[in-house]
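Bear in mind these aren't lab numbers, they're just calculated from the coordinates by the rules spelled out. Everything quoted here is computed from the prediction, not taken from an experiment. Here the Cβ positions follow ideal geometry from the backbone for every residue, glycine too, while neighbour counts run over all protein chains shown.
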Amino acid sequence: MSDERKDIRDIVKVNIRYYRFKNKLTQEDLAEQVDLTDKYIGDIERGEFYIGLERLERIAKAFNIPTYKLLKDENNEENLPTRLDEVTKKRKPKRKKRY
């Protein structure tokens, strides 16, 4: 076991992706539920931003889990699928752009 601690962004990004896949949600689906953009969700999942506590709490509520679960280092990135359709075994049709 290593004494090196993970960056909190790495923990949060893995957990958000894990619970999003577990709930069979696309980034767009999650973004719509928590009133954020899919780009922002993607940026969080790539660890490009620190997420605020209010937003973290909204995401946890969307997953119906306590907020601390998104901060806990218990999910392994290597075990995550790389695409949602690997979880659902089907692809969602692309949404038409709204102008």
Test: Asn15 is among the polar types (S, T, N, Q), under 14 Å from Asp73 (Cα atoms) and in contact (Cβ under 8 Å) with a residue 24 or more places away in the chain: yes
Give the residues of the stretch 1-23 that are under 11 Å from the mean Cα position of the chain (by Cα) and assigned to a loop (DSSP other than H, G, I, E, B), sorted by residue number. Asn23
Residues that are buried (at least 18 other Cβ atoms within 10 Å of the Cβ), among the polar types (S, T, N, Q) and within 20 Å of Tyr68 (Cα to Cα), drawn from the stretch 1-41: Asn15
Qualifying positions in the stretch 42-54 - assigned to a helix (DSSP H, G or I) and either surrounded by 12 or more Cβ atoms within 10 Å (Cβ to Cβ) or touching a strand residue (DSSP E or B) at 6+ places or on another chain (Cβ under 8 Å) (or both): Gly42, Asp43, Ile44, Glu45
